[in-house]
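Down below is the structure, laid out as structure tokens.
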Amino acid sequence: MNGLTLVGIAIVVLALAYLLYGRWLVKTWGIDPEAKTPAVRLEDGQDYVPASRFTVFSHQFNSITGAGPVTGPIIAAMFGWLPAFLWLLVGGVFFGAVQDFTALYASVKNDGKSMGLIIEKYIGKAGRKLFLLFCWLFTLLVIAAFADILAGTFNGFTKDGGQNVPGAAAASISMIYIFAAMAFGFFMRHNKSELTKFLVGAVIVVLILWAGIQNPLYYDATTWRYVVFAYCFIASVLPMWLLKQPRDYLSVFLLLGMILGGAIGIIIANPTIEMPAFMGWTVKNQPLFPILFITIACGAVSGFHSLVSSGTSSKSISNERDMLTVGYGAMLVETLLGVVSLVIACSAAQGGGLPTGTPFQIFGNAVGGFFTMFGLPQHVATCVIMMCVSALAMTTIDAVTRIGRMSLQEFFTPSEGEESGFLVKIITNNYVATVITLALAYALCLAGYASIWPLFGAANQLLSALVLTALAVFLKVTGRKGFMLYIPMTFMFVVTMSALVISVYNIIVKLSGGNFVFMVDGLQLIIALALMTLAVLVVSNCYRKLAK
């Protein structure tokens, strides 16, 4: 099997899915192009900010993509390329894209409310509280995992003490990106020409890359961990138009360029897949079921995406016609990135095994090699790709910090007719809620992303099961067909509960072996048990509503 064939199959399947299945969903549920969206009706300059289709697509795509489509498929390749490839396509078309679009659709139809508030409206107050607590705990895992990945990527030194030029350059580019994005935010605020914004954005990206490569920043991983958490705090409290929207707009040039570069490289090189199609039902003591389905989250289905769709993107949609492109389309592009990552990694395999190194390093080195075919020096190509994958992680971590802050605030915000006390007012303050969220995430971050990733993956997919179940209730209560959600929500619940049971068992085994560290393993155990309990309670509330 060659890589070009797999990418070609994926492009055809995803294009047909958008044109046929995506449009069928729109026709089935109905949209109103003349309706005033929440972003227009409730514009406040902070969270509700109407934007163009491309701007919202950029935000959605950048926020949901993260490091998942690169990391997950490459790790899952240990089972062989075929299981990973099939799950990416089936999951992306019938699970992930449906969830993302439905969450966006439900939020836009309900004043841009988050999933927690939608659950309160259609299921009840208890369901809302349980779901928001689940979401907040989940965001802690996401922040911890991606912060550690970023700190390791930006580390300016190798294990033997030498300089890590690509990492230092990626760090420098990322820091310049933050300030450039804020300046571009003011430009976007006062310039309505889409063509002008596009051209200026492209030039800014090129200048940022050049400046960062010329001025690498050499600091260790610990220092970068502090910087990343400081950035998360700033991104959480600043208005959307000032940092998040312009940063996502600029980042889309890098991300689409990376996908295009990888795809063109595959077309020109036409690499042969060196990994076996199937490695077995159990690999490295990991069973294919349920591990495959939690390892590949982004690219197939990811519960986190629903929080972006209903938490931020829905507050920027300026016309309901844009929802299909933003909700369904962005997920399909992410699926394509997952397929490209899988093909590139499996093409670089040697002796039936993947190269040594992290998924980022495997992907970066391989795509960097493709870029050299266009005359780009190897070290420059590697720096650019490292920056691209770093941009993926940073656009996720700033979005999820904001969502974590909002989830904590909504959890403590009293329902209509109830009064809030002094303590509630303090906790729901933007700055206080952000600090609480980041402090606990930092404690988890000390365990390292490798320890957090299995728990993060299981929680992420379990969140998807909860969201799909809640959305099925929304569709039924509002008189819309929702049968297309029943199989995905049931399958994801069974898969993820199985994976969480395995995670809890492994932590308990570690405890019995005397290698238990409370601030690391203990915190993970508490969160795992809490997630399982909350999930059962949320699903039971939803199913009772469906039964009625």
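Values in this text are rule-based calculations from the coordinates and carry no lab data. Since the model is a prediction, treat every value here as computed from it, not as a measurement. Quick reminder, even Gly has a Cβ in these numbers, built from the backbone with ideal geometry, and neighbours come from all protein chains shown.
Which FRET efficiency, nearest 0.05, do Thr272 and Asn215 yield, Cβ-Cβ r, R0 35 Å? Provide the component values of the computation, followed by the final result.
Details: r = 39 Å, r/R0 = 1.13.
Working from the Cβ atoms, E equals 0.35.
With each pseudo-label sitting 7 Å past Cα toward Cβ, what's the Leu546-Asn429 distance in nm, one decimal?
Label-label distance for Leu546 and Asn429, simple model: 4.3 nm.
For the chain, what is the per residue volume of the convex hull drawn over the alpha-carbon atoms, in cubic angstrom? Don't skip to the answer; put the middle values down first.
On the way: hull volume 79.9 nm³, N = 548.
For the chain, the hull spanned by Cα atoms encloses 146 Å³ per residue.
Could you give the DSSP H helices of the chain that reach 24 angstrom or more along their long axis (alpha carbon positions) and whose average Kyte-Doolittle hydropathy is no lower than 1.6? Walk me through the intermediate numbers first.
Numbers: long enough: 125-154 (43 Å, 1.55); 165-190 (38 Å, 1.32); 194-214 (30 Å, 1.84); 221-237 (25 Å, 1.20); 244-269 (36 Å, 1.28); 330-347 (26 Å, 2.13); 378-412 (51 Å, 0.92); 449-477 (41 Å, 1.47); 486-512 (40 Å, 1.64); 523-547 (36 Å, 1.66).
Those that clear 24 Å and a mean of 1.6 are 194-214, 330-347, 486-512, 523-547.
If I model a spin label as a point 7 Å beyond the Cα along the Cα-Cβ vector, how far apart are those points for Phe422 and Asp44 in nm?
2.5
Computed FRET efficiency, Cβ-Cβ of Thr222 and Asn506, R0 22 Å: what is it to the nearest 0.05? Walk me through the numbers before you get to the answer.
On the way: r = 27 Å, r/R0 = 1.23.
Working from the Cβ atoms, E equals 0.25.
Any lysines with Cα under 28 Å of the Lys129 Cα? List them, leaving off those in the same chain fewer than 8 positions away.
In chain and number order, the partners are Lys109, Lys113, Lys121, Lys244, Lys315, Lys425, Lys476, Lys481, Lys545, Lys548.
Quick one: which residues, 5 or more positions from Phe157 or on another chain, have an amide H under 5 Å from its amide H? H modelled 1.01 Å from N in the peptide plane, none for Pro or chain starts.
Asn164
What ranking do 90-102, 500-512, 377-389 get when scored by the average of other Cβ atoms within 10 Å per residue, highest first? Don't jump to the answer; show the numbers that get you there.
On the way: 90-102: 25.7, 500-512: 15.8, 377-389: 22.5.
Ranked by mean Cβ neighbours within 10 Å, highest first: 90-102, 377-389, 500-512.
Can you tell me the dipole magnitude for the chain around its Cα centre, using point charges on the Cβ only (Lys, Arg +1; Asp, Glu -1), in Debye to the nearest 20?
Numbers: 31 positive and 23 negative charges, 206 e Å.
I would put it at about 980 debye.
For Lys159, list the aspartates and glutamates whose Cα falls under 19 Å from its own Cα; do not include residues on the same chain fewer than 8 positions away.
Asp148, Asp220
In percent, what relative contact order does the chain have, based on Cα pairs under 8 Å that are 6 or more apart in sequence?
On the way: 923 pairs, mean separation 167.3, N = 548.
Here the relative contact order equals 31 percent.
Mind jotting down a quarter of the surface of the convex hull over the alpha carbons of the stretch 3-132, in square nanometres, one decimal? It would help to have the intermediate numbers written out before the result.
Working: hull surface 41.9 nm².
Directional mean of the projected Cα hull area for the stretch 3-132 stands at 10.5 nm².
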